[in-house]
Amino acid sequence: LSRSMTIQSSFGDYEVQTGCGLDDMFETIVSSFDSFLLVDENIFRNYGRQLSRFDKERIFRINAEESNKSLEQVAVICEWLSDQSASRSSALVGVGGGITQDLVAFSASVFHRGAPYILVPTTLLAMVDSCIGGKSSINVRGSKNIIGTFQGPTNVFISEEFLSSLSAEDLASGFGEVAKFGLLESERLLNLAVDALRFGVVSEEVAKEVVRLSLEIKQPFIEDDEFDRGIRRTLNYGHSVGHVIESLSEFRVPHGIAVAIGCHIENLLLRNSGASEKMIGFSAKLISAIPREYVELAASVRPVDVLMKLQKDKKAASGKIKLIALEDFCRQTIVETALDFELASNCVELLQEI
Ligand SMILES: NC(=O)c1ccc[n+]([C@@H]2O[C@H](COP(=O)([O-])OP(=O)(O)OC[C@H]3O[C@@H](n4cnc5c(N)ncnc54)[C@H](O)[C@@H]3O)[C@@H](O)[C@H]2O)c1
(Lines give C-alpha, C1' and ligand atoms only; values in the text may rest on other atoms or scores of the structure.)
Protein backbone atom coordinates (compact mmCIF):
# COMPACT_ATOMS: atom_id res chain seq x y z
CA LEU A 1 0.00 0.00 0.00
CA SER A 2 1.38 3.41 -0.81
CA ARG A 3 1.84 5.94 1.98
CA SER A 4 2.63 9.58 2.03
CA MET A 5 4.55 11.86 4.37
CA THR A 6 5.03 15.63 4.19
CA ILE A 7 8.43 17.17 4.73
CA GLN A 8 8.45 20.78 5.91
CA SER A 9 10.96 23.00 4.15
CA SER A 10 11.53 26.73 3.80
CA PHE A 11 11.61 26.16 0.02
CA GLY A 12 8.10 24.72 0.20
CA ASP A 13 6.78 21.58 1.89
CA TYR A 14 6.92 18.43 -0.21
CA GLU A 15 5.21 15.06 -0.34
CA VAL A 16 7.11 11.80 -0.21
CA GLN A 17 5.12 8.85 -1.51
CA THR A 18 6.48 5.43 -0.52
CA GLY A 19 5.29 2.00 -1.68
CA CYS A 20 4.42 3.21 -5.20
CA GLY A 21 3.71 0.71 -7.99
CA LEU A 22 6.14 1.36 -10.86
CA ASP A 23 3.54 1.73 -13.62
CA ASP A 24 1.15 3.89 -11.61
CA MET A 25 3.99 6.11 -10.49
CA PHE A 26 5.27 6.83 -14.02
CA GLU A 27 1.69 7.31 -15.23
CA THR A 28 1.17 9.95 -12.52
CA ILE A 29 4.40 11.74 -13.45
CA VAL A 30 3.73 11.77 -17.19
CA SER A 31 0.19 13.05 -16.75
CA SER A 32 0.78 15.60 -13.94
CA PHE A 33 4.00 17.42 -14.79
CA ASP A 34 5.70 19.14 -17.73
CA SER A 35 8.60 16.83 -17.09
CA PHE A 36 12.12 16.34 -18.42
CA LEU A 37 13.60 13.04 -17.31
CA LEU A 38 17.21 12.64 -16.25
CA VAL A 39 17.64 8.90 -15.97
CA ASP A 40 20.43 6.65 -14.81
CA GLU A 41 21.70 4.71 -17.84
CA ASN A 42 21.22 1.37 -16.02
CA ILE A 43 17.62 2.23 -15.21
CA PHE A 44 17.03 3.26 -18.80
CA ARG A 45 18.26 -0.18 -19.91
CA ASN A 46 16.36 -2.20 -17.28
CA TYR A 47 13.07 -0.30 -17.27
CA GLY A 48 12.61 0.59 -20.95
CA ARG A 49 8.99 -0.57 -21.03
CA GLN A 50 7.93 1.67 -18.15
CA LEU A 51 9.86 4.63 -19.55
CA SER A 52 8.43 4.24 -23.04
CA ARG A 53 5.46 6.41 -22.04
CA PHE A 54 7.79 9.43 -22.00
CA ASP A 55 8.71 11.34 -25.15
CA LYS A 56 12.25 10.24 -26.17
CA GLU A 57 13.25 13.85 -26.75
CA ARG A 58 12.61 14.54 -23.09
CA ILE A 59 14.93 11.87 -21.71
CA PHE A 60 18.56 12.55 -20.85
CA ARG A 61 20.69 9.56 -19.83
CA ILE A 62 23.21 9.82 -17.04
CA ASN A 63 26.22 7.57 -16.63
CA ALA A 64 26.20 7.19 -12.83
CA GLU A 65 29.91 7.48 -12.06
CA GLU A 66 31.49 9.74 -9.47
CA SER A 67 33.65 11.31 -12.20
CA ASN A 68 30.41 12.50 -13.83
CA LYS A 69 29.19 14.29 -10.71
CA SER A 70 30.98 17.33 -12.10
CA LEU A 71 30.32 20.93 -13.09
CA GLU A 72 31.05 19.91 -16.69
CA GLN A 73 28.15 17.44 -16.56
CA VAL A 74 25.90 20.09 -14.97
CA ALA A 75 26.72 22.38 -17.91
CA VAL A 76 25.82 19.63 -20.40
CA ILE A 77 22.49 19.05 -18.60
CA CYS A 78 21.63 22.76 -18.53
CA GLU A 79 22.53 23.12 -22.24
CA TRP A 80 20.33 20.14 -23.07
CA LEU A 81 17.42 21.59 -21.05
CA SER A 82 17.84 24.89 -22.80
CA ASP A 83 17.97 23.20 -26.24
CA GLN A 84 14.73 21.39 -25.35
CA SER A 85 13.17 24.75 -24.42
CA ALA A 86 12.54 23.65 -20.86
CA SER A 87 11.00 26.56 -18.98
CA ARG A 88 11.24 27.70 -15.40
CA SER A 89 8.11 25.78 -14.57
CA SER A 90 9.18 22.52 -16.21
CA ALA A 91 9.96 19.78 -13.71
CA LEU A 92 13.29 17.99 -13.82
CA VAL A 93 12.69 14.37 -12.84
CA GLY A 94 15.72 12.50 -11.50
CA VAL A 95 15.37 8.72 -11.83
CA GLY A 96 18.37 6.97 -10.31
CA GLY A 97 20.61 6.68 -7.28
CA GLY A 98 22.46 9.34 -5.31
CA ILE A 99 24.70 10.39 -8.22
CA THR A 100 21.73 11.09 -10.48
CA GLN A 101 19.93 12.86 -7.64
CA ASP A 102 22.89 15.11 -6.85
CA LEU A 103 23.23 16.09 -10.52
CA VAL A 104 19.52 16.75 -10.92
CA ALA A 105 19.13 18.66 -7.65
CA PHE A 106 22.16 20.85 -8.40
CA SER A 107 21.15 21.49 -12.02
CA ALA A 108 17.58 22.32 -10.96
CA SER A 109 18.80 24.77 -8.33
CA VAL A 110 20.76 26.79 -10.93
CA PHE A 111 18.64 26.34 -14.07
CA HIS A 112 16.62 29.58 -14.41
CA ARG A 113 17.84 30.29 -10.85
CA GLY A 114 15.72 27.49 -9.45
CA ALA A 115 13.49 25.06 -11.34
CA PRO A 116 11.28 22.49 -9.61
CA TYR A 117 12.55 18.93 -9.44
CA ILE A 118 11.10 15.54 -8.60
CA LEU A 119 13.06 12.58 -7.28
CA VAL A 120 12.48 8.94 -8.10
CA PRO A 121 15.20 7.11 -6.13
CA THR A 122 16.22 3.70 -7.44
CA THR A 123 18.93 2.56 -4.98
CA LEU A 124 18.27 1.71 -1.35
CA LEU A 125 20.72 4.43 -0.26
CA ALA A 126 18.84 7.04 -2.27
CA MET A 127 15.45 5.82 -0.99
CA VAL A 128 16.36 5.90 2.69
CA ASP A 129 18.63 8.91 2.74
CA SER A 130 19.50 11.25 -0.11
CA CYS A 131 15.99 11.74 -1.55
CA ILE A 132 14.96 13.99 1.34
CA GLY A 133 16.81 16.91 2.86
CA GLY A 134 17.33 19.09 -0.21
CA LYS A 135 21.13 18.94 -0.31
CA SER A 136 22.97 18.64 -3.62
CA SER A 137 26.69 17.98 -4.01
CA ILE A 138 29.10 18.11 -6.93
CA ASN A 139 32.71 16.91 -6.98
CA VAL A 140 35.62 19.17 -7.89
CA ARG A 141 38.84 17.74 -9.39
CA GLY A 142 38.04 14.32 -7.97
CA SER A 143 37.37 15.61 -4.44
CA LYS A 144 33.94 14.57 -3.27
CA ASN A 145 31.02 16.90 -2.60
CA ILE A 146 32.99 20.15 -2.63
CA ILE A 147 30.24 22.41 -3.94
CA GLY A 148 26.52 22.22 -3.57
CA THR A 149 23.24 23.91 -2.95
CA PHE A 150 20.15 23.61 -0.78
CA GLN A 151 16.78 23.38 -2.48
CA GLY A 152 14.19 20.73 -1.74
CA PRO A 153 12.36 18.70 -4.38
CA THR A 154 8.67 19.30 -5.05
CA ASN A 155 7.79 15.59 -4.91
CA VAL A 156 9.47 12.30 -4.13
CA PHE A 157 8.05 9.03 -5.48
CA ILE A 158 9.51 5.80 -4.11
CA SER A 159 8.92 2.41 -5.71
CA GLU A 160 10.74 -0.30 -3.79
CA GLU A 161 10.25 -2.50 -6.90
CA PHE A 162 13.46 -0.94 -8.25
CA LEU A 163 15.47 -2.84 -5.62
CA SER A 164 14.92 -6.13 -7.47
CA SER A 165 17.52 -5.15 -10.10
CA LEU A 166 20.07 -3.61 -7.71
CA SER A 167 23.42 -5.37 -7.26
CA ALA A 168 24.07 -7.24 -4.00
CA GLU A 169 26.84 -4.79 -3.17
CA ASP A 170 24.66 -1.69 -3.66
CA LEU A 171 21.91 -3.33 -1.61
CA ALA A 172 24.36 -4.10 1.22
CA SER A 173 25.69 -0.55 1.04
CA GLY A 174 22.15 0.79 1.50
CA PHE A 175 21.61 -1.47 4.49
CA GLY A 176 24.80 -0.13 6.09
CA GLU A 177 23.27 3.35 6.04
CA VAL A 178 19.96 1.92 7.30
CA ALA A 179 21.85 0.33 10.22
CA LYS A 180 23.18 3.79 11.11
CA PHE A 181 19.59 5.11 11.36
CA GLY A 182 18.74 2.04 13.44
CA LEU A 183 21.62 2.58 15.87
CA LEU A 184 20.55 6.19 16.29
CA GLU A 185 16.85 5.67 16.86
CA SER A 186 15.31 2.23 16.35
CA GLU A 187 16.21 -1.25 17.54
CA ARG A 188 13.61 -2.71 15.15
CA LEU A 189 15.22 -1.00 12.14
CA LEU A 190 18.70 -2.05 13.27
CA ASN A 191 17.60 -5.68 13.50
CA LEU A 192 16.04 -5.56 10.03
CA ALA A 193 19.31 -4.17 8.62
CA VAL A 194 21.45 -6.74 10.45
CA ASP A 195 19.29 -9.59 9.10
CA ALA A 196 19.40 -8.21 5.56
CA LEU A 197 23.20 -7.83 5.73
CA ARG A 198 23.59 -11.34 7.13
CA PHE A 199 21.31 -13.12 4.65
CA GLY A 200 21.69 -10.81 1.63
CA VAL A 201 18.00 -10.87 0.74
CA VAL A 202 15.04 -8.69 1.52
CA SER A 203 11.33 -9.08 0.84
CA GLU A 204 9.38 -6.22 -0.69
CA GLU A 205 7.40 -5.90 2.52
CA VAL A 206 10.55 -5.50 4.62
CA ALA A 207 11.99 -3.07 2.07
CA LYS A 208 8.90 -0.89 2.41
CA GLU A 209 9.12 -0.89 6.20
CA VAL A 210 12.85 -0.13 6.11
CA VAL A 211 12.38 2.83 3.76
CA ARG A 212 9.51 4.28 5.78
CA LEU A 213 11.22 3.89 9.18
CA SER A 214 14.49 5.40 7.88
CA LEU A 215 12.76 8.43 6.37
CA GLU A 216 10.75 8.95 9.57
CA ILE A 217 14.03 9.01 11.53
CA LYS A 218 15.70 11.45 9.14
CA GLN A 219 12.68 13.78 8.91
CA PRO A 220 12.91 15.71 12.23
CA PHE A 221 16.65 16.28 11.82
CA ILE A 222 16.27 17.91 8.39
CA GLU A 223 13.20 19.88 9.40
CA ASP A 224 14.77 21.26 12.60
CA ASP A 225 18.14 22.01 10.98
CA GLU A 226 17.48 22.44 7.27
CA PHE A 227 20.85 24.06 6.58
CA ASP A 228 23.03 21.61 8.48
CA ARG A 229 24.35 23.92 11.18
CA GLY A 230 23.74 21.83 14.29
CA ILE A 231 21.61 18.84 15.19
CA ARG A 232 21.54 17.46 11.61
CA ARG A 233 25.22 16.61 12.11
CA THR A 234 23.99 13.68 14.21
CA LEU A 235 23.17 12.00 10.89
CA ASN A 236 26.89 12.13 10.19
CA TYR A 237 27.34 9.40 12.82
CA GLY A 238 29.85 6.84 11.54
CA HIS A 239 30.77 8.99 8.53
CA SER A 240 34.08 10.54 9.64
CA VAL A 241 35.72 7.14 10.10
CA GLY A 242 33.54 5.71 7.30
CA HIS A 243 34.86 8.17 4.72
CA VAL A 244 38.43 7.32 5.72
CA ILE A 245 37.78 3.58 5.23
CA GLU A 246 35.97 4.20 1.95
CA SER A 247 38.71 6.30 0.44
CA LEU A 248 41.75 4.41 1.82
CA SER A 249 40.28 1.16 0.48
CA GLU A 250 39.91 2.95 -2.89
CA PHE A 251 36.16 2.42 -2.68
CA ARG A 252 36.47 -1.38 -2.43
CA VAL A 253 34.57 -1.03 0.85
CA PRO A 254 31.25 0.46 -0.34
CA HIS A 255 30.00 3.67 1.28
CA GLY A 256 27.26 2.25 3.54
CA ILE A 257 29.40 -0.66 4.73
CA ALA A 258 32.22 1.77 5.55
CA VAL A 259 29.73 3.88 7.50
CA ALA A 260 28.51 0.83 9.45
CA ILE A 261 32.10 -0.06 10.39
CA GLY A 262 32.65 3.63 11.23
CA CYS A 263 29.65 3.53 13.61
CA HIS A 264 31.20 0.72 15.65
CA ILE A 265 34.64 2.35 15.72
CA GLU A 266 33.06 5.66 16.81
CA ASN A 267 31.29 3.81 19.63
CA LEU A 268 34.54 2.17 20.75
CA LEU A 269 36.47 5.46 20.59
CA LEU A 270 33.87 7.02 22.89
CA ARG A 271 33.65 4.06 25.27
CA ASN A 272 34.65 6.26 28.21
CA SER A 273 33.15 9.46 26.84
CA GLY A 274 29.45 8.80 26.52
CA ALA A 275 28.92 5.65 24.43
CA SER A 276 27.17 2.99 26.52
CA GLU A 277 28.09 -0.71 26.70
CA LYS A 278 24.55 -1.48 25.55
CA MET A 279 25.02 0.47 22.30
CA ILE A 280 28.54 -0.90 21.80
CA GLY A 281 26.95 -4.36 22.02
CA PHE A 282 24.50 -3.43 19.25
CA SER A 283 27.17 -2.04 16.93
CA ALA A 284 29.29 -5.19 17.55
CA LYS A 285 26.30 -7.27 16.42
CA LEU A 286 26.17 -5.17 13.26
CA ILE A 287 29.86 -5.84 12.58
CA SER A 288 29.25 -9.59 12.88
CA ALA A 289 26.77 -9.36 9.98
CA ILE A 290 29.20 -7.61 7.61
CA PRO A 291 31.23 -9.82 5.22
CA ARG A 292 34.63 -10.34 6.84
CA GLU A 293 36.59 -9.27 3.77
CA TYR A 294 35.28 -5.71 4.14
CA VAL A 295 36.34 -5.56 7.78
CA GLU A 296 39.79 -6.86 6.85
CA LEU A 297 40.14 -4.32 4.06
CA ALA A 298 39.10 -1.58 6.48
CA ALA A 299 41.76 -2.70 8.97
CA SER A 300 44.62 -2.62 6.47
CA VAL A 301 45.29 1.09 6.90
CA ARG A 302 48.15 3.08 8.48
CA PRO A 303 47.60 5.65 11.25
CA VAL A 304 49.45 8.34 9.28
CA ASP A 305 47.04 7.97 6.34
CA VAL A 306 44.02 7.86 8.66
CA LEU A 307 45.15 11.11 10.27
CA MET A 308 45.64 12.79 6.91
CA LYS A 309 42.19 11.74 5.69
CA LEU A 310 40.47 12.70 8.94
CA GLN A 311 42.03 16.16 8.69
CA LYS A 312 40.48 16.52 5.25
CA ASP A 313 37.02 15.77 6.65
CA LYS A 314 34.71 18.70 5.88
CA LYS A 315 33.43 18.60 9.44
CA ALA A 316 36.88 18.68 11.10
CA ALA A 317 37.96 22.12 12.22
CA SER A 318 40.96 23.53 14.08
CA GLY A 319 42.41 20.23 15.27
CA LYS A 320 39.09 18.87 16.53
CA ILE A 321 36.54 16.45 15.20
CA LYS A 322 32.90 15.92 16.16
CA LEU A 323 31.87 12.35 16.94
CA ILE A 324 28.49 11.03 18.10
CA ALA A 325 28.17 9.28 21.46
CA LEU A 326 25.24 6.86 21.72
CA GLU A 327 23.90 6.53 25.25
CA ASP A 328 20.80 4.64 24.12
CA PHE A 329 18.40 4.53 21.18
CA CYS A 330 17.16 8.11 20.69
CA ARG A 331 19.73 9.48 23.15
CA GLN A 332 22.91 10.74 21.61
CA THR A 333 25.31 13.65 22.10
CA ILE A 334 27.80 15.36 19.83
CA VAL A 335 31.29 15.03 21.36
CA GLU A 336 34.23 17.17 20.25
CA THR A 337 37.50 15.23 20.33
CA ALA A 338 41.12 16.20 19.61
CA LEU A 339 42.08 15.17 16.11
CA ASP A 340 45.66 13.95 16.49
CA PHE A 341 47.95 11.02 15.82
CA GLU A 342 46.75 9.27 18.98
CA LEU A 343 43.15 9.25 17.74
CA ALA A 344 44.25 7.91 14.34
CA SER A 345 46.35 5.15 16.01
CA ASN A 346 43.42 4.22 18.25
CA CYS A 347 41.21 3.93 15.17
CA VAL A 348 43.61 1.56 13.48
CA GLU A 349 44.10 -0.56 16.63
CA LEU A 350 40.34 -0.87 17.07
CA LEU A 351 39.86 -1.74 13.38
CA GLN A 352 42.40 -4.54 13.78
CA GLU A 353 40.70 -5.89 16.92
CA ILE A 354 37.10 -6.08 15.72
N1 LIG B 1 22.87 14.81 -1.46
C2 LIG B 1 22.70 13.95 -0.48
O3 LIG B 1 21.98 14.21 0.48
C4 LIG B 1 23.41 12.64 -0.53
C5 LIG B 1 23.29 11.75 0.55
C6 LIG B 1 23.93 10.51 0.47
C7 LIG B 1 24.68 10.19 -0.66
N8 LIG B 1 24.80 11.08 -1.69
C9 LIG B 1 25.60 10.74 -2.89
O10 LIG B 1 25.03 9.60 -3.50
C11 LIG B 1 26.01 8.94 -4.29
C12 LIG B 1 25.88 7.44 -4.11
O13 LIG B 1 24.59 7.09 -4.50
P14 LIG B 1 24.00 5.61 -4.59
O15 LIG B 1 24.78 4.69 -3.75
O16 LIG B 1 22.54 5.77 -4.41
O17 LIG B 1 24.19 5.12 -6.04
P18 LIG B 1 24.69 5.57 -7.46
O19 LIG B 1 23.86 6.64 -8.01
O20 LIG B 1 26.16 5.74 -7.38
O21 LIG B 1 24.37 4.19 -8.23
C22 LIG B 1 25.05 3.00 -7.94
C23 LIG B 1 25.00 2.05 -9.10
O24 LIG B 1 23.73 1.41 -9.17
C25 LIG B 1 23.14 1.57 -10.46
N26 LIG B 1 21.70 1.55 -10.22
C27 LIG B 1 20.95 2.50 -9.62
N28 LIG B 1 19.71 2.04 -9.39
C29 LIG B 1 19.66 0.78 -9.89
C30 LIG B 1 18.66 -0.23 -9.95
N31 LIG B 1 17.46 -0.05 -9.39
N32 LIG B 1 18.95 -1.39 -10.55
C33 LIG B 1 20.20 -1.62 -11.08
N34 LIG B 1 21.20 -0.73 -11.01
C35 LIG B 1 20.93 0.46 -10.43
C36 LIG B 1 23.76 2.81 -11.01
O37 LIG B 1 23.74 2.85 -12.40
C38 LIG B 1 25.19 2.71 -10.47
O39 LIG B 1 25.95 1.87 -11.27
C40 LIG B 1 27.34 9.50 -3.84
O41 LIG B 1 27.84 10.34 -4.85
C42 LIG B 1 27.00 10.32 -2.60
O43 LIG B 1 27.87 11.42 -2.43
C44 LIG B 1 24.16 12.28 -1.64
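Structure data summary
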quantity	calculated
Degrees between helix 71-83 axis and first principal axis of the chain (Cα, 0 to 90, nearest 10)	20
Sorted peptide list for 129-137, 145-153, 236-244, criterion being average Cβ within 10 angstrom, highest first	236-244, 129-137, 145-153
Computed Kirkwood radius, in angstrom, where 1/r is averaged over Cα pairs of the chain	20.6
Solvent-accessible area, 1.4 Å probe, carbon plus sulfur percent, for the chain	47
Label-point separation, Glu336 to Ser10 (7 Å along Cα→Cβ), nm	2.4
Area of Thr122 that stays accessible when all protein chains are in place (1.4 Å probe, Å², to 10)	10
Per-peptide average of other Cβ atoms within 10 Å, ordering 102-115, 176-189, 35-48 highest first	176-189, 102-115, 35-48
Computed helical MRE - 222 nm, the chain, DSSP H runs ≥ 4 contributing -39500 (n - 2.57), nearest 500	-14500 deg cm²/dmol
Ordering of 7-16, 82-91 by burial proxy (mean other Cβ atoms within 10 Å per residue, highest first)	7-16, 82-91
Three semi-axes of the equivalent ellipsoid, the stretch 202-354, Cα gyration tensor, whole Å, largest first	24, 20, 15
Folded to 0 to 90 degrees: helix 255-269 orientation relative to the chain principal axis, Cα	30
Projected area, mean over directions - the stretch 60-191, Cα convex hull, nm²	8.5
Rounded to 10°, Cα long-axis angle of helix 98-110 versus longest principal axis of the chain	60
The stretch 268-354 pair-distance distribution - Cα-Cα, 5 Å bins, rounded %	3, 13, 20, 23, 22, 17, 2, 0
Average Cα contact separation per residue, the stretch 90-215, under 8 Å, 6 or more apart, as relative contact order %	23
Counting DSSP beta bridges with both ends in the stretch 96-165, the antiparallel % (nearest 5)	60
Subset of Lys278/Lys322; Lys278/Lys320; Lys69/Lys312; Lys56/Lys180; Lys208/Lys309 violating a 31 Å alpha-carbon distance limit	Lys56/Lys180; Lys208/Lys309
Centre separation in Å (Cα based) which lies between the stretch 170-214 and the stretch 220-294	15
Considering only the chain, percent of DSSP beta bridges that pair antiparallel, nearest 5	50
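The values are calculated or read from the model by the stated rules, or taken from the named source; none is laboratory data. These figures come from a predicted structure and were not determined experimentally. Note: ideal-geometry Cβ built from the backbone for every residue, glycine included; neighbour counts use all protein chains shown. Heavy atoms of the whole protein, side chains included, go into the accessibility calculation; ligands, DNA and RNA do not. Shrake-Rupley method; radii C 1.70, N 1.55, O 1.52, S 1.80 Å.
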